[in-house]
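The values are calculated or read from the model by the stated rules, or taken from the named source; none is laboratory data. These figures come from a predicted structure and were not determined experimentally. Don't worry about glycine lacking a Cβ; one is built from the backbone with ideal geometry, like all the others, and counts go over all protein chains shown.
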Amino acid sequence: MKLAGRDESPSRETQTGEDGQYSFASIVPGPFELSISAEGFVSKTSSGTLGSGENIVIPKMTLVLTTEVTEVRVELSTIEIAQEQIKEQEKQRVLGFIPNFYVTYVPNAAPLNTRQKFELAWKSTLDPVTFAITGAVAGIQQANNQFSGYGQGAQGYAKRYGASYADVVTNTFIAGAILPSLLKQDPRYFYKGTGSVRSRVFYAIANSVICKGDNGHWQANYSGILGGLAAGGISNLYYPANDRGAGLTFENAAIGIGASAAANLLQEFVIRKLSTHVPNSAPATP
């Protein structure tokens, strides 16, 4: 507590004892002001006038607890938001079983970091349905005797299966993880879901050659285009000699762009209706 005179005499301070009692001695007569304070309590003051030779007993004073309003705001980082969003994406499956990981139904989804882009690639390439679809593709190729250099029988099927799965892995990782990480681009399709049919058709087709950057701006899809060319070039290492060449690489890249446009159209108008675990924040499909 603090005792101050109303003249220019210096103030004095003391602390109460264990019983809450306190006293000041040899006080100069005159007006005074007594301030009592304690951490966590509301301060109180008492004033009066001390006469010459007079003792003053201050009435008992009780301090009350202070009322503090503390506002705590907990916000997730961009990386944490993106992680929560891709956890939801990894639950998306067409007809309940076909993976639909590379589409986001959140219009302003948080950008993915490098680890998250590779996580999506791993989840996609290691999904059991991916292995099953690859097996079906290899079976069709064998039935049509595509890549005849592989031959027929179990050995021919195994080679076609390995080549088809290698195509999936190289294209997914190069176009969906490696280049997007280096070029700061998002490998996902951002579902539009609103506007006229015409605008959505153009949007879906355009997204075969453009993509959203990690900065949120639309830009040329260098990751997808260069990734398709790189994957096609790598395929020359394992396809039969008579099926190799730069022409085939560029042809496959062009086919890949067309296939991407077709897939985007399906995403925009069909797949959302057939997908499970679509986020509630997704735009409604007309």
Fill in: Residue satisfying all of: in the range 198-215; in contact with a helix residue (DSSP H, G or I) (Cβ under 8 Å, 6 or more places away or on another chain) and either exposed (fewer than 14 other Cβ atoms within 10 Å of the Cβ) or of a type in the set (Ser, Thr, Tyr) (or both); nearest to residue 227 (Cα to Cα) among these
208
Worksheet, complete the sentence: Subset of the range 39-49, residues surrounded by 13 or more Cβ atoms within 10 Å (Cβ to Cβ) and not polar (S, T, N, Q), comes to 41, 44
Practice prompt. Looking only at the range 133-170, count how many residues are under 14 Å from residue 237 (Cα atoms) and either acidic (Asp, Glu) or exposed (fewer than 14 other Cβ atoms within 10 Å of the Cβ) (or both).
Written response: 2
Worksheet item: How do the pairs read when you match residues in the range 201-212 that are free of Cβ contacts under 8 Å to residues at least 24 places away in the same chain with residues anywhere that are assigned to a helix (DSSP H, G or I), using Cβ under 9 Å and keeping only pairs 6 or more apart or on different chains?
Response: 206/261; 206/264
Practice prompt. Tell me, yes or no, whether the range 249-260 has at least one residue that is at pLDDT 90 or above and outside any loop (DSSP other than H, G, I, E, B).
Written response: yes
Item to complete: Filter the range 261-284 down to the residues that are more than 21 Å from residue 97 (Cα to Cα) and modelled with pLDDT under 90, then identify the one that is nearest to the chain's Cα centre (by Cα).
Response: 281
Fill in: Residues within the range 228-248 that are at pLDDT below 85 and assigned to a loop (DSSP other than H, G, I, E, B), tallied
2
Worksheet item: Of the residues 105, 22, which is in the same structural domain as residue 189 (by TED's automatic domain parsing) and either of a type in the set (Phe, Trp, Tyr) or at pLDDT below 75 (or both)?
Response: 105
